[in-house]
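Notes to accompany the following structure.
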Amino acid sequence: MNENQMIQNNDEMEIDLVEIFYLLWDNILKILICLAIGAVALFAYTYFMITPLYKATAKMYINSSSKSVVDIADLQISSQLRGDYKALMTSRDLLENVIETLDLDYTSRQLGRMIAIENPTDTRIITVTVTSPDPVEAADIANALANRSKEKLPEIMRSEEPIIYEKAIVPTAKSSPSYTRNTLIGGLLGALVCAGYLIVKYLMNDTIVTPDDALKYLGVQPLAVIPEGNLGSFNKKHKGKGSSNKKGKKTK
């Protein structure tokens, strides 16, 4: 491809992008209407169809040694303990114990999906986060799981008893969904769908309207253009003359 062809292709691309820009600008009202419809629709769906969820968190501190001075071996052991705690705290037996204690209407698998056990980097802290549609239930489950873990896991692991230094409290604000975020997403999707429809419709339309279209699609430069006009009055005038001549012949 030589330099002239490259320049020509770049010019054509620039013209296409400019045409698409003006296409969208000419239909900006439609796009804004679709944006508003999408925002309202997703907000309504979020408000009426999605159940709000709440998160409650209890925090535990793992102490691997009762000595005041902690050596490297203690740090390695505590690192292993953190991984063991994260695995054992969501074990079936422990979850069933919590279900029985709180008289919950969940299976152990369902309860396990509601619980997240995390360990912040370079710490001996274990966080127990429970997500539930009931804020009181979320706090009760987090505290019950922390208490049962404090009692049961040291027996299984032959380790020091962890310390619950922060109990879960009843959350007052929901963690999800976010009405603001979903409304913005709905508006953006509505505008994108409308703009995409307009662009596809424009690209699929190969109707020749202007001389530039003929050159663009057929590669032929028109020599002349016949303007479009209203020939109704002209046809009526000539039709009237013809009918008068015929009438005149008949009278003769």
Selected residue (criterion: surrounded by the fewest Cβ atoms within 10 Å (Cβ to Cβ)) from residues of region 125-142 that are out of contact with any helix residue (DSSP H, G or I) (no Cβ under 8 Å at 6 or more places or on another chain) and over 14 Å from LEU111 (Cβ atoms): VAL136
Checking the structure you have, find out if any residue of region 146-158 is out of contact with any Phe, Trp or Tyr (no Cβ under 7 Å at 6 or more places or on another chain) and within 30 Å of ALA39 (Cβ to Cβ). no
Close pairs (7 angstrom Cβ cut-off, 6 or more residues apart or separate chains): on the phi < 0 side of the Ramachandran plot in region 144-167, surrounded by 15 or more Cβ atoms within 10 Å (Cβ to Cβ) and of a type in the set (Lys, Arg) anywhere: TYR165/LYS59; GLU166/LYS59
Selection from region 144-167 of residues that are of a type outside the set (Ser, Thr, Tyr), open to solvent by 30 Å² or more (accessible area, probe 1.4 Å) and farther than 20 Å from ARG92 by Cβ: ARG158, GLU160, GLU161, ILE163, ILE164, GLU166, LYS167
Within region 82-110, the count of residues that are in a helix (DSSP H, G or I) and touching a helix residue (DSSP H, G or I) at 6+ places or on another chain (Cβ under 7 Å) comes to 13
Every pair of residues 6+ apart whose Cβ atoms lie under 7 Å, when the first sits in region 176-190 and is on the phi < 0 side of the Ramachandran plot while the second is among the aromatic types (Phe, Trp, Tyr): TYR179/PHE43; TYR179/TYR47; ASN182/PHE43; THR183/PHE43; GLY186/PHE43
Looking at this structure, is LEU203 in a helix (DSSP H, G or I), surrounded by fewer than 16 Cβ atoms within 10 Å (Cβ to Cβ) and modelled with pLDDT under 90? yes
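Of everything in region 163-186 that's outside any helix (DSSP H, G or I) and of a type in the set (D, E, K, R), which residue is farthest from THR101 (Cα to Cα)?
LYS174
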Every residue from region 111-162 that is in a loop (DSSP other than H, G, I, E, B) and among the hydrophobic types (A, V, I, L, M, F, W, C): MET114
Give region 78-123 a look and list any residue that's within 14 Å of LYS152 (Cα to Cα) and of a type in the set (Phe, Trp, Tyr), or say none. TYR85
Is it the case that some residue within region 121-137 is in contact (Cβ under 8 Å) with a residue 40 or more places away in the chain, over 30 Å from THR90 (Cα atoms) and in contact with a Lys or Arg (Cβ under 8 Å, 6 or more places away or on another chain)? no
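The values are calculated or read from the model by the stated rules, or taken from the named source; none is laboratory data. Given the structure is predicted, the values throughout are model-derived calculations rather than measurements. Positions of Cβ are backbone-derived with ideal geometry, glycine not excepted, and every protein chain shown enters the neighbour counts. Keep in mind that these areas ignore ligands, DNA and RNA; they rest on the heavy atoms of the full protein, side chains included. Shrake-Rupley method; radii C 1.70, N 1.55, O 1.52, S 1.80 Å.
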